[in-house]
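Scroll down for the structure; my scribbles are underneath it.
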2 protein chains.
Amino acid sequence: MSTAAVNSRELAHPDRAEIRLEGVLHALSDPMRLRIVRDLAAAEQELACATFELPVSKSTTTHHFRVLRESGVIQQAYRGTAKMSELRRADLEELFPGLLEVILEAAELQAGRG
Amino acid sequence: MSTAAVNSRELAHPDRAEIRLEGVLHALSDPMRLRIVRDLAAAEQELACATFELPVSKSTTTHHFRVLRESGVIQQAYRGTAKMSELRRADLEELFPGLLEVILEAAELQAGRG
C-alpha cells in the first residue's frame, strides 16, 4: 500500500458526545488493551502502534487499537506511514470525571499485587 | 425444584484476592448489568433478583447476575426461594479504591445527558 493510500484512509472516531460509558469500560476490560492504555498514559504523548510489543499477533494488536479508538478511549492519526495513538484524556475527563485516573490506579495496584 | 434443593445449590463467588479489574470492568460494560449495579447501589441493601424488572428475558437476567457474581461485583445468596443480591462494596473498595463510586457517578452523568 502506498503512503498516499495509507494517509487517505479514514480512521473513524466517535465525537465526544457519542462516547458511551459502557463502551469505554468494555474497551478497558481486556488485559492487552488495558496495558496499551497504561503505556499511553505513562508516555503522556502519542505513540506509534509499532512501539507496542504485545504478546499477540499484529492483527490482534490492530484489533485492540481499533476497539480503543471506536470506543473513544484513544485518538489515532497517520504521520507518514506510522499510525500514532494517544489517549483522549480531556474528552474522557469531561464526560466521566476521574474515571480514567481511577482505572489506571486500580491497574497499577493490581499489577503490584502480581 | 424443592426449597431444600434450591438452598443447597452452590453459588460460586471469587475470593477477594481472585477479583480482577478486567473482569469487573467487563461486568460493568453492559447496559443491563450497569443498571442492576446502580439499582443495588441506590438500595444500599440486598435485593431479590425478582425485584428487577429488566426489559430482557428471565434467562438473560439470570446470565447478567451470574456475570456480576462471578466477576466479584455482587454477592448472591438464597433466602428461602428468593435469590438475593448485594454489591461487594467493601471488597471492591479495598482492591480498587474509588472505582465503583466513580463508575456510578459516570453512569449517573451519562443518564442525565440522556
Looking at the stretch A:27-36, which of the residues that are surrounded by 19 or more Cβ atoms within 10 Å (Cβ to Cβ) and at the interface with chain B (Cβ under 7 Å from one of its Cβ atoms) is farthest from the chain's Cα centre (by Cα)?
-> A:29
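Condition check ((1) closer than 30 Å to residue B:101 by Cα; (2) touching a residue at least 24 places away in the same chain (Cβ under 8 Å)) across all residues:
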| residue | (1), (2) |
| --- | --- |
| A:30 | yes, yes |
| A:52 | no, no |
| A:62 | no, no |
| A:69 | yes, yes |
| A:81 | no, yes |
| A:86 | yes, yes |
| A:92 | yes, yes |
| A:95 | yes, yes |
In contact (Cβ under 8 Å) with a residue 24 or more places away in the chain and part of a helix (DSSP H, G or I): does that describe residue B:37?
-> yes
Checked the stretch B:1-27 for anything at pLDDT 95 or above, part of a loop (DSSP other than H, G, I, E, B) and under 24 Å from residue B:82 (Cα atoms); matches are B:13, B:14, B:15
Has the stretch A:3-19 got at least one residue that is closer than 22 Å to residue A:109 by Cβ and not hydroxyl-bearing (Ser, Thr, Tyr)?
-> no
Within the stretch B:104-114, how many residues turn out to be in contact with a Gly (Cβ under 9 Å, 6 or more places away or on another chain) and either surrounded by fewer than 16 Cβ atoms within 10 Å (Cβ to Cβ) or charged (D, E, K, R) (or both)?
-> 1
Taking the options A:54, A:21, A:40, A:47, name whichever one is within 14 Å of another protein chain (Cβ to nearest Cβ) and surrounded by 14 or more Cβ atoms within 10 Å (Cβ to Cβ).
-> A:21
Subset of the stretch B:57-103 [surrounded by 14 or more Cβ atoms within 10 Å (Cβ to Cβ) and in a loop (DSSP other than H, G, I, E, B)] | B:71, B:72, B:73, B:88, B:96, B:97, B:98
Restricting the stretch A:63-92 to residues that are farther than 18 Å from residue B:25 by Cβ and acidic (Asp, Glu), the residue that is farthest from the chain's Cα centre (by Cα) = A:91
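The values are calculated or read from the model by the stated rules, or taken from the named source; none is laboratory data. Since the model is a prediction, treat every value here as computed from it, not as a measurement. Ideal geometry is used to build each Cβ from the backbone, glycine not excepted, and the neighbour counts take in all protein chains shown.
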